[in-house]
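Each reported figure results from applying straightforward, stated rules to the coordinates on display, with no laboratory input. Quick caveat, the model's predicted, so the values are computed rather than measured. Heads up, the Cβs are rebuilt from the backbone with ideal geometry, glycines too, and the neighbour counts pull from every protein chain shown.
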Amino acid sequence: MGAPKAMMAEPLIEPAAVRALGLDASRMTKTFGSLIALDDVSFTVEPGSFHALLGENGAGKSTLVKCIMGFYRAESGALRLNGEAVEIRNPRDARALGLGMVYQHFTLVPSLTGAENLVISRADAPAIIDWKKEKQRLADFLDRMPFRAPLDVPVASLAAGEKQKLEILKLLYLDQRLLILDEPTSVLTPNEADEILGLLRGMTDRKEISVVMITHKFREVTAFADHLTVLRRGRMVGGGRVEDMSTGDMARLMIGDTQITTRAQRTEQSTGATVLELVALMAKGEEDKDVLNCVNLKVRAGEIVGVAGVSGNGQSQLMEVLSGQRPLSDGRILIRNQPFEPTREAFFKLKIFGLPEEPLKNATVPRMSVAENMAFRSFDKPPNASFGWWLSAAPMRARARELIAAYRVKTQSPDTAIGDLSGGNVQRAVLARELSGDVDVLIVANPCFGLDFASVADIRSQIMEQRNRGAAVLLISEDLDEILELADRVAVMSEGAITYVAPIGETDRATIGMHMAGHA
Amino acid sequence: MEPSPWRGVLQRLRRDSEYIAIPVIALVISAVAFSLFLLAIGKAPLVFFELVHRGGFGSAFSIQNTLQRAAPLIFTALAVAIPARIGLVMIGGEGALVIGGFTSAAIAIPMLDRISPMPTLMIMALVGALTGGVWIGLAGFLRHARGVNETISSLLLTYIGIAVMNFFVEGALRDLTNPNKPSTKPLGDAYMVGKIPGTDVHWGFAAGILIAILLHILMTRTTFGFAARVTGGNPRAAMAQGLPVGKLIVICSMLAGACAGLAGFFEVAAIQGRANASIAAGYGFTGILVSFLARHNPIAIIVVAIMFGGIVASGGLVQRRMDLPDATVLVLQGMTFVILLVSETLYGRFAFFRIDEGRDRT
């Protein structure tokens, strides 16, 4: 390991000058149920370095950082700070040791001023605050800092960049000397991001602090970080000095360069007419921000179009819009050139089916039974319903038994609450419901997220089978491997728009990765 | 792997017994806490419970008195239970009761002695149910269309409802021949809802049971109820199924308001004979407690409403014999409600009720 050596070398540097902490996390393992989120990951941050933590979504970056910060406890593994073994049982321990974290979203109290936020964040904030004394202390503190943020106005009135600076100032004020930043620039404009990262880089160069930054933006890594570690599927797959690596190397490490192993059975067929067409879709999210920014895409019969992209670029919102969970602010969804509204009649008549991400949250009622959940599409049609309103449980249960057998859903009985099933079985139950009929359009989002290999293969071949039968399939996925395996064409989504479309044979990982990262 | 069909049923029974066990335990704890309260003010708890038993269920007379008071509780509890099925916490039953009772009394005024009693009562009931339905329907509509918290808006609508009634009863619609309490013109004996034959209990009790059963069937055996349960259990899933979430919310709210409006109608047409401040007797609020204790199950509501009807009915006896103020019963209700809400957090915490599904981690 590099760290102990670095520790030993430390006394050679001017001791008073090095305030930055070195961190050595070794052999960290953390599992959630059957999911191995961190698999024997070792990770070293030298004092005064600016360390980038790279990886796709679900690679384990956040889990690793949360284990370090005491939010989770790793099942095994050891932490050392400046060479000394430490135990971090909760976030308070981490804070006492000088570890601070900046989150993706702001944690300041919006109605208080910057000064108030700083003072109340102190663990030893007195019950009665002598503001005169505190203001003086703050002024002294700011004099030592390389950057400033307005302290006398409510945080709510600050720009995002200033808020982020204040978040960082807060950690420095609390005398935290190893800062962990979780995608700190996702809420900033490029200029604000450059300014703040530049300032932090300056502090690390002066050995005042060490920085660990979770990111997936290669540009920020090459411009500001000096070291990097790459995680993929819970494993440490590479790392080293930034200057020794190209962004191509990083992309390959992130998404893996293993060739596609077994494709689901794909029949060669000529694709049919355009079935699903998205025309200039616009939608708004929180604070009236455009989350979909003119999405244009066509899906033809008998093809799978995979939408790749870094998480949070509008994929979830696209899925919500298509399944009627979020209104469009502008644009049109066309099915076979006819305008489409997401109503029950339209879903039924046009044979549109969907498999949203996190099915327990988006596609089931956890406390209703498996049979009832499987009947969501058909409860108001014969034989489940007579006269259009009278419900019969018997045919519902009988159909559920067939589906449970056909899709190998493991459940005690059709009457078991679906919330009691494991993730893979919930996914299969929903799949059974959505794919058992005649499917014309299938819209799928992250269908295999968090599932084991067997379920993944199963579910992917089901999706492929629908394509082979002539359905138009839109597959939104954060797993590039999945898209490369299944899709006939790939589209990249970035900042709420489709920025790149190519047939799968005419593109490669690196090109897709570049477009995903938002610069190409 | 084909498990025997009985195993599932037995497991369900065992799991569902949690829904009875926890409220019963909460009731017992409430009784203990209330006993401590009585001891603290120097009264004997056993005497209290004995009097509740005697005053509520001790004799044919007291039982009939109890059932009489259970009738509005069934309706107002349904007014909480139906919205609860679709995920709303509506607590405005008192307001819908008052506005329904008042409008049914008001519509009757021009009809008295012109139209015969039966059609008059039918129209009164219809109007009461309709205005009550609009009242709570409004809270549901605001929730769906504008995101207004339905709990708060329905509660505030209660105060508006009471004020509207007072405005008319003390003004334009005041019966000037009655010098005591501001009231609407009395219906007169001929226009009152009668008693169930052989008892002293008015037909409202039977109507309450009938409607509770009908609503139970609606919510469990029809496509409407299925859609409502999907919406209540997970609105996002309901939207993804293209269910008309807004329509379902408004209809369920209107059904709830109609129930509370009917409670008001029976209070006017079977008990008071006129609309005045007496119909705002707190049945709407007690109904909230009844519904929560019955876990929003319409059939269970009938049983729990009778129990609380007994407590309400014994109030007078307790007051006289133990020299306790009328509010004592409210203390008991308040304690029960708080303890009940705490008990809601205990579901799923006891290993006995959990079924080991042999969860394969696949």
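Please work out whether the range A:248-374 counts as rounded, prolate or oblate from its C-alpha gyration tensor, where a ≥ b ≥ c are the square roots of the eigenvalues and a/c under 1.5 means rounded, while otherwise a/b larger than b/c means prolate and anything else oblate? Present the calculation step by step, with values, prior to reporting the outcome.
Values: a/c = 1.26, a/b = 1.22, b/c = 1.04.
Cα axes put the range A:248-374 in the rounded bin.
Taking amide H atoms as placed 1.01 Å from N in the peptide plane, list the residues 5 or more away in sequence, or in a different chain, whose amide H sits under 5 Å from that of A:Val212.
A:His51, A:Leu179, A:Ile180, A:Leu181
In percent, how large is the relative contact order of chain A, given Cα pairs closer than 8 Å and 6 or more residues apart? All intermediate terms of the calculation are to be shown ahead of the outcome.
Details: 1015 pairs, mean separation 79.7, N = 520.
With pairs under 8 Å counted, the relative contact order is 15 percent.
Apply the Karplus parameterisation 6.51 cos²θ - 1.76 cosθ + 1.60, with θ equal to phi minus 60°, to every residue of the range A:90-105 and state each ³J(HN,Hα) to the nearest whole Hz, in sequence, with x for glycine and proline.
Rounded to whole hertz, the list is 7, x, 5, 4, 4, 5, 5, 7, x, 9, x, 10, 10, 8, 4, 10.
Measure up A:Lys349/A:Lys381; A:Lys132/A:Lys170; A:Lys298/A:Lys381; A:Lys381/B:Lys247 against 23 Å on the Cα-Cα distance and list the ones that go over.
Numbers: A:Lys349/A:Lys381 12 Å; A:Lys132/A:Lys170 19 Å; A:Lys298/A:Lys381 31 Å; A:Lys381/B:Lys247 20 Å.
Result: A:Lys298/A:Lys381 exceed 23 Å.
Enumerate the calculated ³J(HN,Hα) couplings along the range A:389-394 in order (Karplus 6.51 cos²θ - 1.76 cosθ + 1.60, θ = phi - 60°), each rounded to whole Hz, writing x wherever the residue is Gly or Pro.
Working through the residues one at a time gives 9, 7, 9, 10, 6, 5 Hz.
What list do you get for A:Phe376, B:Phe61 if you sort them by fewest beta carbons within 10 Å? Each step should come with its number before you reach the end.
Working: A:Phe376 23, B:Phe61 10.
Listed from fewest to most nearby Cβ atoms, that is B:Phe61, A:Phe376.
Take the alpha-carbon centre of the range B:158-187, take the same for the range B:25-45, and report the distance between them in whole Å.
Going from one Cα centre to the other spans 39 Å.
Is the shape of the range B:44-323 rounded, prolate or oblate, going by the alpha carbon gyration tensor and its root eigenvalues a ≥ b ≥ c, with a/c under 1.5 for rounded and a/b larger than b/c for prolate? The partial results should precede the final answer.
Working: a/c = 1.76, a/b = 1.24, b/c = 1.42.
Judged from the Cα gyration tensor, the range B:44-323 comes out oblate (a/c at least 1.5, b/c at or above a/b).
Suppose every K and R has +1 on its Cβ and every D and E has -1 on its Cβ; what is the size of the dipole of the range B:185-270 about the Cα centre, in Debye to the nearest 20?
On the way: 6 positive and 3 negative charges, 86 e Å.
About 420 debye.
Let me have the 222 nm mean residue ellipticity of chain B computed from DSSP H runs of 4+ only, each contributing -39500 (n - 2.57), with the sum over all residues rounded to the nearest 500. It would help to have the intermediate numbers written out before the result.
On the way: 15 runs with 249 residues, N = 362.
The per-residue figure over chain B is -23000 deg cm²/dmol.
Using only the Cα atoms of the range B:239-362, build the gyration tensor, take square roots of its eigenvalues as a ≥ b ≥ c, and label the shape rounded, prolate or oblate: rounded if a/c is under 1.5, else prolate if a/b is larger than b/c, else oblate.
Details: a/c = 3.23, a/b = 1.41, b/c = 2.30.
Oblate.
Between the range A:284-303 and the range B:206-261, what's the alpha-carbon centroid distance in Å?
34 Å
Per DSSP helix of 4 or more residues, -39500 (n - 2.57); summed, then divided by the residues of chain A. What does that give at 222 nm, rounded to the nearest 500?
Details: 18 runs with 172 residues, N = 520.
So the helix-based figure for chain A works out to -9500 deg cm²/dmol.
In this model, which of A:Lys163/A:Lys284; B:Lys43/B:Lys195; A:Lys135/A:Lys207; A:Lys61/A:Lys207; A:Lys217/A:Lys289 are farther than 29 Å apart at the alpha-carbon? Before the final figure, lay out each step's value.
Details: A:Lys163/A:Lys284 23 Å; B:Lys43/B:Lys195 38 Å; A:Lys135/A:Lys207 27 Å; A:Lys61/A:Lys207 24 Å; A:Lys217/A:Lys289 22 Å.
Going by Cα-Cα distance, B:Lys43/B:Lys195 fall outside the 29 Å limit.
Name the aspartates and glutamates eligible as straight-distance cross-link partners of A:Lys133: C-alpha to C-alpha under 14 Å, and not fewer than 8 places from it in the same chain.
A:Glu116
Sort B:302-308, B:198-204, A:151-157, B:66-72 by the packing proxy (mean of other Cβ within 10 Å over each peptide's residues), most packed first. Display every interim value, and only then the final one.
Values: B:302-308: 22.6, B:198-204: 17.0, A:151-157: 14.6, B:66-72: 27.0.
Descending mean neighbour count gives B:66-72, B:302-308, B:198-204, A:151-157.
When N counts the residues of chain A, how does its alpha-carbon radius of gyration compare numerically with 2.2 N^0.38 Å, as a ratio?
Details: Rg = 25.9 Å, N = 520, 2.2 N^0.38 = 23.7 Å.
Taking the Cα Rg and dividing by 2.2 N^0.38 Å, one obtains 1.09.
Using a 10 Å cut-off around each Cβ, can you sort A:Lys61, A:Lys361, A:Lys66, A:Lys289 from fewest to most neighbouring Cβ atoms? Don't skip to the end; give the middle numbers.
Values: A:Lys61 25, A:Lys361 12, A:Lys66 20, A:Lys289 9.
In increasing order of surrounding Cβ atoms, one gets A:Lys289, A:Lys361, A:Lys66, A:Lys61.
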